[in-house]
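**Student:** I have a structure here, written as structure tokens, and I will follow up with some questions on it.
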Amino acid sequence: MPAYKTKTKLLTGTNYREISRKAFGLYQQIKRKSKRRPYVRSAYFRKEKVFLGLFWNHLYEKNYWDQMRRMKFFGCAIELIQHSRFEPTSKENPNKVGEILHRFAGITADNEIFFVQIKEDKRNNQKYLISVFPVEKR
């Protein structure tokens with residue numbers, strides 16, 4: 001699977017508070033641009049909107065360390081969604097029939113591999129950012 005190389009580096013910080021402040025600051029900048037639900041436009045989906053609100057709900061279900069690990073990649077994920085034209089791996093959601101899950105691969109400016117998962121609702125054709133996560137190191 002081809003991976004999009006971002007120019008954005010990981011969000012830096014030594015603790016949860018610093019990282020979450022930077023990630024949520026990025027989210028707030030995007031949120032200010034729309035009157036309703038925050039979104040970014042995706043190059044792969046022909047400039048269709050990808051809504052970001054579901055990402056935060058999903059993130060807060062994770063434990064403290066996993067939240068920190070995923071938030072570091074938020075800026076890279078936004079850039080990947082906006083600029084990547086590489087084809088993702090797509091499959092039907094095994095838990096819900098009316099959804100397709102798209103998984104994009106990316107590489108940060110620091111050469112770390114990560115994935116961005118987007119959920120597409122077949123019924124109304126809306127897309128939602130669900131998850132951002134790095135590749136497990138062995």
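**Student:** Looking only at residues that are buried (at least 16 other Cβ atoms within 10 Å of the Cβ) and touching a Leu at 6+ places or on another chain (Cβ under 9 Å) in the stretch 59-71, which one is farthest from Ile30 (Cα to Cα)?
**Tutor:** If we take residues in the stretch 59-71 being buried (at least 16 other Cβ atoms within 10 Å of the Cβ) and touching a Leu at 6+ places or on another chain (Cβ under 9 Å), then Gln67 is farthest from Ile30 (Cα to Cα).
**Student:** OK, next. Which ranges mark the helices (runs of 4 or more DSSP H) fully within the stretch 42-136 that have 3 or more residues being at pLDDT 95 or above and more than 14 Å from Ala23 (Cβ to Cβ)?
**Tutor:** Once the helices (runs of 4 or more DSSP H) in the stretch 42-136 are filtered for at least 3 residues that are at pLDDT 95 or above and more than 14 Å from Ala23 (Cβ to Cβ), what remains is 74-83.
**Student:** From the list Phe74, Phe45, Phe86, which residue is under 21 Å from Ile107 (Cβ atoms), surrounded by 19 or more Cβ atoms within 10 Å (Cβ to Cβ) and of a type in the set (Phe, Trp, Tyr)?
**Tutor:** Among Phe74, Phe45, Phe86, only Phe74 is under 21 Å from Ile107 (Cβ atoms), surrounded by 19 or more Cβ atoms within 10 Å (Cβ to Cβ) and of a type in the set (Phe, Trp, Tyr).
The values are calculated or read from the model by the stated rules, or taken from the named source; none is laboratory data. Predicted model only: the values in this text are computed from it and were never measured. Glycine also receives a Cβ, built like all others from the backbone with ideal geometry; neighbour counts cover every protein chain displayed.
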